[in-house]
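Visitor: So that we are looking at the same thing, I have put the structure below in structure tokens.
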Protein chains: 2
Amino acid sequence: MKFEAVTIKDIAKALGLSTSTVSRAMRDHYAIKPDTRQLVLDYAKKIKYQPNPIAVSLREKRSRSIGIIISEIANNFFSQNINGIESIANKEGYTVIISQSGESYEREVLNAQFLSSRSVDGILVCVATETKDFSHITSLYQRGLPIVCFDRVIDELDTHKVVVDNIKGAYDGVIHLAGNGYKKIAFICSSESIPVTRDRLQGYKNALADRSIPFQEDYLMHFPPGDLTYKDLEQKMNKMMKMKNRPEAVFIASDKLTTNFVRYCKLNDIHVPDQLAMAGFSNLDVSDLFNPSLTVIKSPAFELGEAAAQLLIKMIESKRPVTKFETRVLDTQLVIRESSAKRKKK
Amino acid sequence: MKFEAVTIKDIAKALGLSTSTVSRAMRDHYAIKPDTRQLVLDYAKKIKYQPNPIAVSLREKRSRSIGIIISEIANNFFSQNINGIESIANKEGYTVIISQSGESYEREVLNAQFLSSRSVDGILVCVATETKDFSHITSLYQRGLPIVCFDRVIDELDTHKVVVDNIKGAYDGVIHLAGNGYKKIAFICSSESIPVTRDRLQGYKNALADRSIPFQEDYLMHFPPGDLTYKDLEQKMNKMMKMKNRPEAVFIASDKLTTNFVRYCKLNDIHVPDQLAMAGFSNLDVSDLFNPSLTVIKSPAFELGEAAAQLLIKMIESKRPVTKFETRVLDTQLVIRESSAKRKKK
DNA sequence: TTAAATCATGGTAACGTTCCCATGATTTAA
DNA sequence: TTAAATCATGGGAACGTTACCATGATTTAA
């Protein structure tokens, strides 16, 4: 099947003008007589002329498209990111191409290649937890492709970055738990080595210190990348629940683990917050519907996407190589609900 | 910032060949000496040559990209659709461009224009509930752009379609409720006029008939497009709960309403299933975590996307105009959980 | 009045690729 | 031996657009 499009040539022929004149009239160039311009514009409208973006891209050596590398769209945090990105990108006339890594390093490498082969003008990347080697990204960057990191940043990449204030987010959550009477607070996180987790752990430690609660190594539960399934959590939770000095509350530093924690409590009849209180990072839009409803740290996912897209487009459209980079840090929001209710005296 | 790419000309110059020869060698054309071919391939690999897809698109008059028009990605059903679409599209070498209507007719019109101006080779569309006039889609189709409908189809568009067996889905759910002792079953749905709802209502009626339960007009609750917010549901639910002959169970024919129903019960302390049992359509991946866990009809969202993408690509790649169209109907799955537990005798 | 400046337009190359049509070299058949 | 067939390659146009460089026509300045 083929879709026959009207071109600038058709207009030129019909009006007895040259393609140059038509092209100029269309983008109101100064050296075009108003009459001619109007004539062209009217006729173009009449025959529903639409410029061919592919020809323009070839000519201008830019595609007006940006690529996103993200772990998965079926996750509220990321889909909100994308919405933020699109709101800016569309306003600026860019198309967005989304690619999902599914937290797999290999797929991420393929996606990076794919996007560059599709000649996007720039890439927004939130690396997979699994990724340790960033050369698939840095090599593109070195060859001159604008790249902006968001949420999960690449330390060694010197570019614009947009992140959430994870230290403060975790700090707020833990201070809140402590304020409600919980002293024995465990910390559940994914891979300890990634910057996001590192910062949240820092926030947790800062809060403990501020409330004079000693940090206990055995209250730390972490999951290497790829081991975030329900089964993995269940195993470690079972062990934790059997500790003689077991925690009264947990702070969870990952959306996925927060959801699996709810699943664990439901399946094992653990009453939250009486038996075990909790608060954690989550952007799930139904966290108010669980029983108990969840106290969560919400990330400004939409704003994160907006800021990242803004910075990337600025970089793409900059005439000279950009050398000064900024890292924007956005605030999280603590939403207090039932899962962290005041501790009852026993 | 600019990203300098290697072209076929660079290779030709370096090896003292013509661009024609290089181009042919790259796509192993029969009339190329194996030695030459290998020479070109090796050199291309060495300097990391990647064909410029924009130039290819211009030449071949196809972009190898397909557009999706969907209501929103921040919804499990749709994000699963997209995953299914991408799995096929990427395998076949197509890029996917997603556009969200947010259930708004106006945005849908803009999206359709945008995608066609971006010269996609075809479009997968799931129309907004609000949309009554489909000319923004049909006009593109008439001009020769391949289009496939999925989930929410356009009756008047004669093309391939992929849908869920909504009649049977609703039938199964209602039969299940009836089997568990509920005779007074209300039906909650969004706009009655759209095909999806119409079919689900039909399934409901069929089930009632099969179980000899008379259909009651006042057990029907429907929400016009745009009125699916929590407030709207709350108002009608309050009224329903005050009916003298109020229902013992509800069957919900929309994902969004299912979630809002859970919210209503939680906020109003309605005990499910004792006070009011429920079952409904939902693809939410945490419906097992609510209290009670939800009995749901799950749509094969991923498979829906796969099938739609397959049909679209077949249509795009067909040499001659396609005139025979198929409508694929996929089965739903009934997942029985607590919210529809056997009715207790009172 | 005349040279210079400005205006409005046309011609054409270029972006990177593919594909049709040469063209010269080698091989095959009679 | 010679014509025909096959092989391997090159030349160049085309896809739709933009931008540079003409080029004549009109206007302005001296």
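The numbers here are math on the coordinates, done by the rules we state, and not lab data. As the structure is a prediction and not an experimental result, all values here were calculated from the model. Heads up, the Cβs are rebuilt from the backbone with ideal geometry, glycines too, and the neighbour counts pull from every protein chain shown.
Visitor: Straight-line reach from residue B:256: which lysines fall under 18 Å, measuring Cα to Cα and dropping same-chain residues less than 8 apart?
Guide: Reachable lysines: B:231, B:236, B:266, B:298.
Visitor: So for each of A:78-91, A:193-206 I average, over its residues, the number of other beta carbons within 10 Å; can you give me the resulting order with the highest mean first? Walk me through the intermediate numbers first.
Guide: Working: A:78-91: 21.9, A:193-206: 19.9.
Going by the mean number of other Cβ atoms within 10 Å, highest first, we get A:78-91, A:193-206.
Visitor: In addition: Treating the point 7 Å from Cα along Cα-beta-carbon as the label, what are the nm separations from residue A:243 to the other copies, to one decimal?
Guide: Taking the point 7 Å beyond Cα along Cα→Cβ, the inter-copy spacings are 5.2 nm.
Visitor: May I ask you to list the lysines whose Cα is less than 26 Å away from that of residue B:33, ignoring any residue fewer than eight positions away on the same chain?
Guide: Straight-line reach from residue B:33, under 26 Å: B:9, B:13, B:45, B:46, B:48.
Visitor: Continuing with the same structure: For residue B:291, which inter-copy label distances result when the label point lies 7 Å beyond Cα on the Cα-to-Cβ vector, reported in nm to one decimal and in ascending order?
Guide: Values, ascending and in nm: 0.6.
Visitor: Which value, in debye to the nearest 20, gives the size of the charge dipole of the protein assembly as shown about its Cα centre, when Lys and Arg are +1 and Asp and Glu are -1 at the Cβ? It would help to have the intermediate numbers written out before the result.
Guide: On the way: 98 positive and 82 negative charges, 73 e Å.
Its charge dipole is roughly 340 debye.
Visitor: Considering the convex hull of the alpha carbon atoms of the stretch A:46-148, report its projected area averaged over all viewing directions, in nm², one decimal.
Guide: 7.8
Visitor: Still on this structure, please answer the following. Which residue, A:134, A:84, A:19, has the largest displacement toward the positive end of the dipole of the stretch A:1-153 when charges sit on each Cβ (Lys, Arg +1; Asp, Glu -1)?
Guide: The residue sitting farthest along the positive end of the dipole is A:19.
Visitor: In chain A, which residue puts its Cβ closest to the axis that turns chain A onto chain B, and how many whole Å away is it?
Guide: A:291, 2
Visitor: So, by mean Cβ neighbours within 10 angstrom, what's the order for B:250-257, A:240-247 with the highest one leading? Can you show the working numbers first?
Guide: Details: B:250-257: 26.2, A:240-247: 12.6.
Going by the mean number of other Cβ atoms within 10 Å, highest first, we get B:250-257, A:240-247.
Visitor: Still on this structure, please answer the following. Residues of B:94-103, mean number of Cβ from any other protein chain within 10 Å of their own Cβ, rounded to a whole number? Could the numbers behind the result be given before it?
Guide: Details: counts 0, 11, 3, 5, 7, 4, 5, 0, 1, 0.
Mean shielding count: 4.
Visitor: With 10 angstrom as the radius, rank B:105, A:30 by how many other C-beta atoms surround their C-beta, starting from the fewest. Could the numbers behind the result be given before it?
Guide: Working: B:105 18, A:30 5.
The most exposed by this proxy come first: A:30, B:105.
Visitor: Mind putting a number on the dipole of chain B about its Cα centre? Charges go on the C-beta only, +1 for Lys and Arg and -1 for Asp and Glu, and I need it in Debye to the nearest 20. Walk me through the intermediate numbers first.
Guide: Details: 49 positive and 41 negative charges, 96 e Å.
Result for chain B is approximately 460 debye, rounded to the nearest 20.
Visitor: Work out the FRET efficiency for residue B:244 and residue A:210 from their Cβ-Cβ distance, taking R0 = 56 Å, and round it to the nearest 0.05.
Guide: Values: r = 58 Å, r/R0 = 1.04.
That gives a FRET efficiency of 0.45.
Visitor: Under 5 Å between amide hydrogens, which residues at least 5 positions from residue B:147 or on another chain qualify, with H placed 1.01 Å from N in the peptide plane?
Guide: B:123
Visitor: Quick one: grab the alpha carbon gyration tensor of chain B, order the square roots of its eigenvalues as a ≥ b ≥ c, and give me rounded if a/c is under 1.5, else prolate or oblate depending on whether a/b is larger than b/c.
Guide: Working: a/c = 2.94, a/b = 2.66, b/c = 1.11.
Prolate.
Visitor: Roughly how many Å is it from the Cα centre of the stretch B:31-95 to that of the stretch A:260-308, as a whole number?
Guide: Rounded to whole Å, the Cα centres lie 39 Å apart.
Visitor: Separate question: For B:282-292, what's the mean count of beta carbons from other chains sitting within 10 Å of each residue's beta carbon?
Guide: Working: counts 0, 1, 4, 4, 8, 1, 4, 12, 6, 5, 1.
Counting other chains' Cβ atoms within 10 Å and averaging over B:282-292 gives 4.
Visitor: Among all the aspartates and glutamates, which ones have a C-alpha under 14 Å from residue A:61's C-alpha, if same-chain residues fewer than 8 places away are not counted?
Guide: Cα-Cα hits under 14 Å: A:121, A:317, B:4.
Visitor: From the label point of residue A:227, set 7 Å along Cα to the beta carbon, how far off in nm is each other copy's matching point, shortest first?
Guide: Here the equivalent label points are 5.4 nm apart from this one.
Visitor: Using each residue's phi in the stretch A:272-278, evaluate 6.51 cos²θ - 1.76 cosθ + 1.60 at θ = phi - 60° and report the 3J(HN,Hα) Karplus result to the nearest Hz, with x for Gly and Pro.
Guide: Rounded to whole hertz, the list is 9, x, 4, 7, 7, 8, 8.
Visitor: How large is ³J(HN,Hα) for each residue in the stretch B:51-68, as worked out from phi by the Karplus curve 6.51 cos²θ - 1.76 cosθ + 1.60 (θ = phi - 60°), to whole Hz, x for Gly and Pro?
Guide: x, 7, x, 6, 5, 4, 4, 4, 5, 8, 6, 7, 9, 6, 9, 10, x, 10
Visitor: Here's something else I'd like to know. If amide H atoms are built 1.01 Å from N in the plane of the peptide, which residues on other chains or at least 5 residues away come under 5 Å of the amide H of residue A:95?
Guide: The answer is A:65, A:66.
Visitor: Using the alpha-carbon atoms, what tilt in degrees (0 to 90, nearest 10) does helix A:195-210 show relative to the longest principal axis of chain A?
Guide: 40
Visitor: Quote to one decimal, in nm, the extra length available between residue A:269 and residue A:344 on full extension: 0.36 nm per residue of separation minus the C-alpha distance between them. Each step should come with its number before you reach the end.
Guide: Values: separation 75, 0.36 × 75 = 27.00 nm, distance 1.88 nm.
Value of the extension gain: 25.1 nm.
Visitor: For the protein assembly as shown, go through all pairs of different Cα atoms, get the mean of 1/r, take its inverse, and jot down that Kirkwood value in Å.
Guide: Details: mean 1/r = 0.0356 Å⁻¹.
The answer is 28.1 Å.
Visitor: When the Karplus curve 6.51 cos²θ - 1.76 cosθ + 1.60 is applied with θ = phi - 60°, which whole-Hz ³J(HN,Hα) does each residue of the stretch B:169-185 get, with x for Gly and Pro?
Guide: x, 5, 4, 4, x, 6, 4, 4, 4, 4, x, 8, x, 8, 10, 9, 10
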